Amino acid sequence: MISVVIINKDEPLRDTLNGVCAQCGAHPAETEVVVVDASQPADTALRTERADVRWIDFSAPQDVRVSIPHQRNAGVRAAGGDVIVFIDARCTPQAGWLAALVAPILAGEEHVVAGAVGSSDGDSPWDSADNGGYLSECPTINLAFTRRAFESVDGFDESFAYGSDVDFTWRLNDAGFRILRRAAARITHEWGSTYRRLRRSFDYGVARGRLYRKHPRRIPGALRSDPVPFAYPVFLLGLPLVRRFPLYPALLLIPAWRNRRIGPARTVIDHLIYGAGAIAGALRR
């Protein structure tokens, strides 16, 4: 069985479910859709409309503000399939998404497969590249894996708020599981309002700082492969230099030029806020 697991908390879910259920219905393998729902109040109309979905009410543990990893673990535990697929609310699966994502796993060739992510409202700094090969990390926004892989790393680390998905895939790599990129398994994501996007940048930055605190041995290699959470915090911490070097902010012209295709101002602002979050994540207990 293939179990498509969606975690949700007060997000618009109808379009995502309609797209996912249509592809599950057309897939030759046995499939199910499981929603781990922490919404308050629950959308009873949608639950009635989508009676073919298994709904699991979820209440966060006491003192837990962000229950994303808890819901992911609960979803996998409740799922009946040996192949688990994650997709997020606000996402729309493109034609052939599910078949392309799970094919290498069903063929016995892979244990972990990540699809491609694009934006419904133009390019975004968080889009993934449409290329193949193997990945060193990925989010769970578009991911399939075997139950064996999940159990080998004991699932998601519930001490995280955000970033548990990257931690999960880092540990999968460390355990010897490769992450195949399947560009044909594509979804589009609606990233939300400007405030929501900027808040996400800060939260992701906090998560990155937390990730490198947990995995310090990854820092030397990350200085080259993942420069954003290092370069932007250094830039922000160096802002007092403006008093002596008024042209110091002009350094931002370099990343602005490099990201000119996807909106230089938007990308630099996102990364500055991400950098501020990375500083907070590195310092936060």
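Readers should treat all values here as calculations from the given coordinates under stated rules, not as data from a laboratory. On a predicted model such as this, the values are computed, not experimentally measured, just so you know. Backbone-built Cβ (ideal geometry, glycine too); neighbour counts: all protein chains shown.
Tabulated data
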{"read-out": "Excluding exposed DSSP-loop GluC sites (Glu not before Pro) (at most 13 other C-beta within 10 Å), longest clean stretch of the chain", "value": "110-285"}
{"read-out": "Gyration tensor verdict on region 27-70 (Cα atoms; rounded if a/c is under 1.5, prolate if a/b is larger than b/c, oblate otherwise)", "value": "oblate"}
{"read-out": "Kyte-Doolittle mean at least -0.5, axial Cα span of 27 Å or more - DSSP H helices of the chain", "value": "264-283"}
{"read-out": "Charge dipole of the chain about the Cα centre (unit charges at C-beta), most positive-ward option of I262, V228, A149", "value": "V228"}
{"read-out": "Whole-angstrom Cα spans of region 131-244 along principal axes, big to small", "value": "56, 35, 30"}
{"read-out": "Estimated 222 nm signal from helices in the chain, with DSSP H stretches of n ≥ 4 weighted -39500 (n - 2.57), rounded to 500", "value": "-13000 deg cm²/dmol"}
